[in-house]
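Every number in this text was worked out from the coordinates using simple rules, so none of it is lab data. What you see is a predicted model, and the numbers here were worked out from it, not measured in a lab. Here the Cβ positions follow ideal geometry from the backbone for every residue, glycine too, while neighbour counts run over all protein chains shown.
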Amino acid sequence: VGGEVIPMDAHPNGRGKVGFYIRQPVGVICAITPFNFPLNLSMHKVAPALACGNAVILKPSERTPLTPLMLGEVLLEAGLPPQALSILPGYGDVGRAMTTHPDVRVVSFTGSRKVGEIITRQAGIKKVVLELGSNSAIVLHKDGDLKKAVHKTVLGGYAIAGQVCISVQRVFVHEELFDHFLEELQHAVEELKVGDPMQEDTDVGPMIGLSEVQRVQEWIDEALQEGARLVTGGVSCGDRTLTVLSPTIVSLVPAHVKLFREEAFAPVVVVNPYREVEEAIRMVNDSEYGLQVGVFTRDIGVAWEFIRKINAGGVLINEGPNFRADHMPYGGVKYSGIGREGPRFAVEDYTEIKMVVFDLS
């Protein structure tokens, strides 16, 4: 936690003065986390908040509260003062009490856009940091590494059953590579093993609930009715009472259907062709979300074209959008959120600037 010297003599009234600012803790931080990474996403909020000298109230997802509770026990055992961290599992009423309380000075939320909008309205005059939904894309240009793009699509689209905010959901492939890419991707996806996540050889496990499976199946059906093509998958494994959705590829998906526009949060990947770079950029940006995008090309000029024009919080060249290193600035634009995570960058949200001026005249 550092500050910065301000050259006071840059202003006529500042002559004879020395100025600098320091950062101080805001006080109490409310952290609300989702179900999919209950340890990692909790620590992304708790660790920098505590390091800055704040107290934290953590509300984990009601679907996965046990891991954060165990985290609290470990931190207490390690010597954390009990008053520094409270963990309150519960439903929306618990979150509402936390976000609206006047003693809470920062609300840091990771979750859905819908809940993020509710929190923003409820919070009042306090900082709100939001990491919301996404509809992440991969672009494979005509000079890109097809095999690597296939591998990164499989890894990014189907791991954790696609329930990751930076999962690969849309893939835009240059028309010269489209058929070959689709063939290779289908082969790789159909090799994935679906089943019990506790088994080491399982590639794709269950989704969080039956209602989520049914929702995604409705989205797939809508896309097919509008002219899309089902390449593979698309149904529950066994019957429609199971929470395991078979890894799915849908191609030639119209841009107006939910499967293209909304966050699926499921093991489903859309694959569409494009002809020109500008067309690919337009297709990527045709979304209310903007978290991360992966671009596969060997042409540095093409890479910079995407970097300049894609409206997202991160552009990864020859890497999938699901890549994240814990210390990098991570966050999105548009409806993907406000602010950035990563220890150094979270500090900016979890502290207040205090200006200090000495008159030496």
### Task
Provide, for q = 0.16, 0.17 Å⁻¹, the log10 of I(q)/I(0) from a solvent-free Debye sum over equal Cα point scatterers in the range 100-167.
-0.67, -0.70
### Query
Which ³J(HN,Hα) values, rounded to whole Hz and listed in residue order, are derived for the range 59-68 from phi using the Karplus coefficients 6.51, -1.76 and 1.60 in 6.51 cos²θ - 1.76 cosθ + 1.60 with θ = phi - 60°, glycine and proline given as x?
10, x, 4, 5, 7, 9, x, 5, 4, x
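Classify the range 28-81 from the C-alpha gyration tensor, please: rounded if a/c falls under 1.5, else prolate or oblate depending on whether a/b exceeds b/c.
Cα axes put the range 28-81 in the oblate bin.
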### Query
How about K126: which aspartates and glutamates have a C-alpha closer than 15 Å to its C-alpha, ignoring those fewer than 8 places off in the same chain?
D103, E117, E348, D349, E352
## Note on the structure
Whole-Hz Karplus couplings 3J(HN,Hα) for the range 19-32, θ = phi - 60° and coefficients 6.51, -1.76, 1.60, Gly and Pro as x, run x, 7, 10, 10, 10, 10, x, 7, x, 10, 10, 9, 10, 10
### Task
Taking a cut-off of 23 Å between Cα atoms, list the lysines near K17, but don't count ones fewer than 8 places away on the same chain.
K354
### Query
For the range 174-322, treating each Cα as an identical point scatterer without solvent, what Debye log10 I(q)/I(0) comes out at q = 0.21 1/Å?
-1.43
#### Entry: Rounded to 5, the percent of DSSP beta bridges in the chain classed as antiparallel
35
### Message
Ranking request for peptides 336-345, 25-34: highest mean number of other beta-carbon atoms within 10 Å first, then the rest in descending order.
### Response
25-34, 336-345
### Task
Compare V194, V128, V18 in a GNM of the chain, Cα atoms joined below 10 Å, and give the one with the largest fluctuation.
V18
### Query
Counting other C-beta atoms within 10 Å, which of F35, F260, F178 has the fewest, and how do the rest follow?
F35, F178, F260
#### Entry: Top of K152, K45, K193 by mean-square fluctuation, Gaussian network on the chain, Cα under 10 Å
K193
### Query
For V171, which sequence-distant residues (separation of 5 or more, or a different chain) have an amide H within less than 5 Å of its own amide H, given hydrogens modelled in the peptide plane?
I138, V270, V271, N272
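In deg cm²/dmol and to the nearest 500, what is the mean residue ellipticity at 222 nm of the chain if only DSSP H runs of at least 4 residues count, each as -39500 (n - 2.57), divided by the residue total?
Only helices count here, giving -9500 deg cm²/dmol.
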### Query
Taking springs between alpha-carbon atoms closer than 10 angstrom, which of G16, G332, G313 fluctuates most in the Gaussian network model of the chain?
G16
### Task
Under a cut-off of 16 Å between alpha-carbon atoms, report the lysines in cross-link reach of K309, not counting same-chain residues fewer than 8 places apart.
K334
### As computed over the chain, the Cα convex hull volume per residue (Å³)
168
### Placed amide H near S108: partners under 5 Å, 5+ positions off or other chain
C30, A31, I32, V129
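What is the fewest-to-most order of D203, D103 by other Cβ atoms lying within 10 Å of their Cβ?
Arranged by neighbour count, lowest to highest, D203, D103 become D103, D203.
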### Query
Amide H to amide H under 5 Å from L85: which residues, 5+ apart in sequence or cross-chain, H placed 1.01 Å off N in plane?
V56
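Just the C-alpha atoms of the range 1-138: what Rg/Rh do they give, with Rh taken as the Kirkwood radius?
Over the Cα atoms of the range 1-138, Rg/Rh equals 1.10.
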### Query
When a footprinting reagent is the concern and you count Cβ atoms within 10 Å, what order do Y289, Y335, Y350, Y91 take, fewest first?
Y91, Y335, Y289, Y350
### Task
Report the charge-dipole magnitude of the chain in Debye, nearest 20, computed about the Cα centre from +1 at each Lys and Arg Cβ and -1 at each Asp and Glu Cβ.
1340
## Note on the structure
Taking only C-alpha positions in the range 1-54, Rg and Dmax in angstrom work out to 18.3, 55
